[in-house]
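Written below as structure tokens is the structure these notes are about.
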Amino acid sequence: MSASLKLSLCVIATILFASPVGSALAQVDTFEFENEVQQQRFRTLSDELRCPMCQNTNLSGSTGGVAEDLRREVHRMILEGMSDREIEQFMFERYGDFIFYRPRLRAQTLLLWFGPIIFLLIGGFAAWGIFRRAREVEETEVALDESQKARLNELVGGD
């Protein structure tokens, strides 16, 4: 291997591992659990909880500092024997409904849950009304009086 090729590979490797992409790929949280059930609970909770800093990324997919802290917190609570419901309640009290990808069904989240269905129904009724009116216009026979017929013939150039 030539010296210039070695130098090029070293420069590329340095840039890759010094960049945020390289550090994001190298970042791995390692948590030890007492059993497989705890580990599965941790994965499930980390996938279902949203990172408050990253907007639309779950805790397991986020590289942000807040997500790291929350993963450590979830790990600690699981080891302390807290249930999933208790952990979710703790996160809800701290961050509100935003922390959940699937917010709880409450009075404050009714529009969030049922809004799309309501808007779909409204759009369907509007489309049905437009279609019905268009069909009525299409079926209506247009009657012209004698002066209109004469004017139409004059414009068309017929007798």
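Throughout, read-outs are computed from the coordinates displayed, never taken from laboratory work. Keep in mind it's a predicted model, so treat the numbers as computed, not measured. Every residue, glycine among them, receives a Cβ derived from its backbone with ideal geometry; neighbour counts consider all protein chains shown.
Once the Cβ-Cβ distance between Ala126 and Leu152 is put in as r, and R0 is 30 Å, what FRET efficiency do you end up with, to the nearest 0.05?
0.30
For segment 53-159, what number results from the quotient of the Cα radius of gyration and 2.2 N^0.38 Å? Working shown, then result.
Values: Rg = 31.1 Å, N = 107, 2.2 N^0.38 = 13.0 Å.
Expressed relative to 2.2 N^0.38 Å, the Cα Rg reads 2.39.
Work out the length of the dipole vector of segment 110-156 about its Cα centre, built from +1 on the beta-carbon of each Lys and Arg and -1 on the beta-carbon of each Asp and Glu, and round it to the nearest 20 debye.
On the way: 5 positive and 7 negative charges, 65 e Å.
Around 300 debye, computed over segment 110-156.
Please pull out the direction-averaged projected area of segment 110-156, using the convex hull of its alpha-carbon atoms, in nm² to one decimal place.
If you wrap the Cα atoms of segment 110-156 in a convex hull and average its projections, you get 5.2 nm².
Can you give the percent of C-alpha pairs in segment 79-124 whose distance is more than 16 Å? Please report the intermediate quantities before stating the final value.
On the way: 537 of 1035 pairs.
Roughly 52 percent, rounded to a whole number.
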